[in-house]
Amino acid sequence: MTLLPCGLQAESKRVSTQMRTSCFLVLTAGLILVGTPGFAHHGTGVSYDASKPVTLKGTVTEFRYANPHPQLYFDVTDEKGNVVHWSGEFYPNPAQLIQGGWGRKRSEAALSFGTKVTITLAPSRAGTPVGAILKLLNEKGEVLMGVAGGGPGEAPRGGAESGGPAVRP
């Protein structure tokens, strides 16, 4: 009898080989599934056009503090009085936001439903109401979430010059 890595005993070499192969395949599949999200990160410079920033005034409808980047959903009323539903992606990830003092609770409180905001973003190259947030201000003009001047591929600037907390890359 052969002792298998799983702690089972095999009656024959054939069963032992089949069990090893099965264990190997299950382990490999698990590693691929766990590792794939790390490679799925997109290139923001491809999706958004930072050379044509757009500034909008809107009202927060939803905020998601998520990886790889938090998402902000907001409504903007256009020149014709139509409400356009926008979404914006933050460049800092949650770990960077936490380093700058913007944990989940503080972020969710600052961007709760109904909050009025002014947002400068790099718009989608596809022309859809989606963008990468470059600057985010509340009604008082205060910089929110340490996002001030950081563009695609850039760490957001923080500290005294931007009115927001420093966020390190």
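The values are calculated or read from the model by the stated rules, or taken from the named source; none is laboratory data. For clarity, every value in this text was computed on a predicted model and none was experimentally measured. Positions of Cβ are generated from backbone atoms using ideal geometry, with glycine treated the same way; all protein chains shown enter the neighbour counts.
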For this session: Could you look through the range 9-25, keep only residues that are of a type outside the set (S, T, N, Q) and surrounded by 10 or more Cβ atoms within 10 Å (Cβ to Cβ), and pick out the one that is modelled with the lowest pLDDT?
Result: Ala10
Exercise. Which residues, counting only those in the range 68-82, are of a type in the set (Asp, Glu) and within 15 Å of Phe113 (Cβ to Cβ)?
Worked result: Asp75
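Do we find a residue being crowded, with 18+ Cβ neighbours inside 10 Å, in the same structural domain as Val117 (by TED's automatic domain parsing) and more than 15 Å from Leu136 (Cα to Cα) anywhere in the range 79-95? Outline the logic, then answer.
First, the residues of the range 79-95 that are crowded, with 18+ Cβ neighbours inside 10 Å: 86-92, 94.
Next, only the ones that are in the same structural domain as Val117 (by TED's automatic domain parsing) stay: 86-92, 94.
Of the ones still in play, those that are also more than 15 Å from Leu136 (Cα to Cα) are 94.
Looking through the range 79-95, at least one residue is crowded, with 18+ Cβ neighbours inside 10 Å, in the same structural domain as Val117 (by TED's automatic domain parsing) and more than 15 Å from Leu136 (Cα to Cα).
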For this session: With the condition kept exactly as written, say whether any residue in the range 56-73 is in a strand (DSSP E or B), of a type in the set (Lys, Arg), modelled with pLDDT of 90 or more and surrounded by fewer than 17 Cβ atoms within 10 Å (Cβ to Cβ).
Result: yes
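Being in contact (Cβ under 8 Å) with a residue 24 or more places away in the chain, in the same structural domain as Val76 (by TED's automatic domain parsing) and surrounded by 15 or more Cβ atoms within 10 Å (Cβ to Cβ): is that true of Gly114 here? Break it down stepwise before answering.
Details: in contact (Cβ under 8 Å) with a residue 24 or more places away in the chain: yes; in the same structural domain as Val76 (by TED's automatic domain parsing): yes; surrounded by 15 or more Cβ atoms within 10 Å (Cβ to Cβ): no.
No, not satisfied.
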For this session: Select from the range 74-102 the residues that are at pLDDT below 90 and part of a loop (DSSP other than H, G, I, E, B) and list them in ascending order.
Result: Tyr91, Pro92, Asn93, Gly100, Gly101, Trp102
Problem set entry | Hey, Ala122 touching a helix residue (DSSP H, G or I) at 6+ places or on another chain (Cβ under 6 Å) and either buried (at least 21 other Cβ atoms within 10 Å of the Cβ) or part of a strand (DSSP E or B) (or both) or not | no
